[in-house]
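Everything on this sheet refers to the single structure shown next.
The values are calculated or read from the model by the stated rules, or taken from the named source; none is laboratory data. Bear in mind that the values here come from a model prediction, so they are computed numbers and not experimental data. Heads up, the Cβs are rebuilt from the backbone with ideal geometry, glycines too, and the neighbour counts pull from every protein chain shown.
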Amino acid sequence: AYVVAEPCIKCKYTDCVEVCPVNCFYEGANFLVIHPDECIDCGACEPVCPTKAIFPESELPDKWKEYKDLNDKLSKGGWPNLAEKLSELPEADEYKDKKDKRALLDT
Ligand code: SF4
Ligand code: F3S
């Protein structure tokens, strides 16, 4: 499955949602996750994310390995499904290139 990693935090542009053929994105307050059992590995979401937050599991950078479990847990833990593109968060452009956003993740 594909995985949403740290760059999405505080941005949530949701371009990914618009292109996903199986609607397997789930939405938190400032982050989105992919349901690993629903993703069909089509790859459509990866190139459209403005923050480059999305990776195939096999290419997830070491520093973001934790996000595989986070996508699994959070997508199955009650976050609502998101099937349509929304406006990005108001602070998205400010946080787009910021590093070390893990502590800001709102679960
Ligand atoms: Fe959806 Fe395809 Fe991305 Fe999986 S790889 S989340 S199926 S767009
Ligand atoms: Fe997040 Fe990128 Fe989608 S910022 S909401 S993974 S387009």
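Look at (1) of a type outside the set (Ser, Thr, Tyr); (2) more than 11 Å from ligand 1 (Cβ to nearest atom); (3) in contact (Cβ under 8 Å) with a residue 60 or more places away in the chain and you find that residue 77 fails only one, number (3). Being touching a Pro at 6+ places or on another chain (Cβ under 7 Å), modelled with pLDDT of 95 or more and among the hydroxyl-bearing types (Ser, Thr, Tyr) holds for only one residue in 51, 14, and it is 51. Kindly indicate whether residue 40 is near ligand 1 (Cβ under 9 Å from one of its atoms), surrounded by 12 or more Cβ atoms within 10 Å (Cβ to Cβ) and within 15 Å of residue 8 (Cβ to Cβ). In short, no. The condition (being of a type in the set (Lys, Arg) and within 13 Å of ligand 1 (Cβ to nearest atom)) is satisfied by just one residue among 98, 85: 85.
Taking segment 91-107 as the range and being modelled with pLDDT of 95 or more, assigned to a loop (DSSP other than H, G, I, E, B) and closer than 16 Å to residue 28 by Cβ as the test, the residues that pass are 91, 101, 105, 106. Taken over segment 1-38, the residue count meeting the criterion of being farther than 14 Å from residue 79 by Cα, part of a loop (DSSP other than H, G, I, E, B) and touching a Lys or Arg at 6+ places or on another chain (Cβ under 7 Å) is 4.
Looking at this structure, is residue 26 touching a helix residue (DSSP H, G or I) at 6+ places or on another chain (Cβ under 7 Å) and surrounded by 18 or more Cβ atoms within 10 Å (Cβ to Cβ)? For residue 26, the condition - touching a helix residue (DSSP H, G or I) at 6+ places or on another chain (Cβ under 7 Å) and surrounded by 18 or more Cβ atoms within 10 Å (Cβ to Cβ) - is met. Restricting attention to segment 15-37 and to residues that are more than 6 Å from ligand 1 (Cβ to nearest atom) and touching a Phe, Trp or Tyr at 6+ places or on another chain (Cβ under 8 Å), the residue that is nearest to residue 83 (Cα to Cα) turns out to be 17. The set of residues from segment 63-88 being part of a loop (DSSP other than H, G, I, E, B) and touching a helix residue (DSSP H, G or I) at 6+ places or on another chain (Cβ under 8 Å) comprises 83, 84, 85, 86. Selection of segment 43-62 for residues being part of a helix (DSSP H, G or I) and exposed (fewer than 12 other Cβ atoms within 10 Å of the Cβ) yields 47, 58, 59, 62.
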